[in-house]
Amino acid sequence: MAKIKKLGIMGGTFDPLHYGHLLAAEWAREICQLDQVAFVPAARPPHKQLDAVLDGQHRYAMVKLGIRGNPYFTASAVELQRQGLSYTVETVTAYLERYPGVEIYFILGMDALLLTSTWKDVDHLAGLCQFIVATRPGYAIDRNAEDFLGVPAALWEKIRFITIPGMNISSSGIRARVAEGKTIKYLLPGPVEQYIYEHRLYLPRGNKA
C-alpha cells in the first residue's frame, strides 16, 4: 500500500450509515485529495445517551457493508475497542501515532461543528488536524451569526466548507421510517438496508421478536 500522506477521518454514530455520510466522505476525498478516509463509529458519544445508540458491533458491521467497493474507504473500530466515552482528540492522536507525519482532515457536518465548543480539548485538537465541514446547498456561512458564536476561535483557520447535495438524509429519519414500516430504499446502500431488516433493527420493542 502507498504511504498515506493525507488521511480523512469521519467520526459519528453511523446509526445507521447512509448516503449522506458516503457523499460527504467521497466529495471531501476528491476536493481535498485525500489518500484514504477512515469511518470511525463512536463507542459512547459524550453528547448522546448510551441507551439511545445501537450496539457498536451492529453499527460497525453496517459501515463495513456500506463502504464496500470503494478502495479509498476503510472502517475502523479504534473507538469501539477503546470503549468508554469517544473523544475526537484521542482518535486523532491515535492516528498521528500510527502514521507519523500524516496530515489529518476530520470530516463533520454542520450540526457537529456547532457542538465543537463542548468537545474535549478542542483547542489542542485544532492544532492536530484540519477540518472539513459538509454543508447543504444554499447554507449561509457567517462567522458572526448567532449560530456560529459558540464555535471555538481556534477552529476557524482550520476549517474548509464543502457543499454536498443530498445532505437532507438523516440517520434519525431512517430509524423513524423503519419504526413506522416505511421504505428506506435509496436512502442508504442496499446491503445496509438488508442488514437492518435481517437483524430487525430500529423496530419498536414489541416487534423485535
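Taking only the range 46-102 into account, find how many residues are among the polar types (S, T, N, Q), outside any helix (DSSP H, G or I) and surrounded by 11 or more Cβ atoms within 10 Å (Cβ to Cβ). Number of matching residues: 4. Listed by first and then second residue, the pairs with beta-carbon distance under 7 Å, at least 6 apart or on different chains, first residue in the range 136-156 and on the phi < 0 side of the Ramachandran plot and aromatic (Phe, Trp, Tyr), second at pLDDT below 85 and surrounded by 10 or more Cβ atoms within 10 Å (Cβ to Cβ), form an empty list. Taking the conditions (1) among the polar types (S, T, N, Q); (2) under 19 Å from the mean Cα position of the chain (by Cα); (3) in a helix (DSSP H, G or I) in turn, residue 168 satisfies each one other than (3).
Any residue in the range 57-83 that is under 15 Å from residue 15 (Cα atoms) sitting within a Cβ distance under 6 Å of a residue that is of a type in the set (D, E, K, R) and surrounded by fewer than 14 Cβ atoms within 10 Å (Cβ to Cβ)? List the pairs, counting only those 6 or more apart or interchain. Taking only residues 6 or more apart or on different chains, not a single pair turns up. Of the residues making up the range 105-160, those that are more than 18 Å from the chain's Cα centre (by Cα), charged (D, E, K, R) and assigned to a helix (DSSP H, G or I) are 123, 146, 147.
The set of residues in the range 24-53 that are closer than 15 Å to residue 80 by Cα and modelled with pLDDT of 95 or more comprises 38, 39, 40, 41.
Within the range 1-45, if we keep just the residues that are at positive phi and either in contact with a Pro (Cβ under 8 Å, 6 or more places away or on another chain) or in a strand (DSSP E or B) (or both), the residue that is surrounded by the fewest Cβ atoms within 10 Å (Cβ to Cβ) turns out to be 12. Among the residues making up the range 171-189, a single one is of a type outside the set (A, V, I, L, M, F, W, C), in contact with a Gly (Cβ under 9 Å, 6 or more places away or on another chain) and not in a loop (DSSP other than H, G, I, E, B): 171. Scanning the range 177-199 for residues that are out of contact with any Lys or Arg (no Cβ under 8 Å at 6 or more places or on another chain) and either without any contact (Cβ under 8 Å) to a residue 24 or more places away in the chain or more than 27 Å from residue 131 (Cα to Cα) (or both) yields a total of 16. Give me the residue from the range 103-144 that is small (Gly, Ala, Ser) and over 25 Å from residue 23 (Cβ atoms) and, out of that set, surrounded by the most Cβ atoms within 10 Å (Cβ to Cβ). Among those that are small (Gly, Ala, Ser) and over 25 Å from residue 23 (Cβ atoms), it is 126.
The values are calculated or read from the model by the stated rules, or taken from the named source; none is laboratory data. Bear in mind that the values here come from a model prediction, so they are computed numbers and not experimental data. Counting neighbours? That spans all protein chains shown, and the Cβs are built from the backbone with ideal geometry, glycine included.
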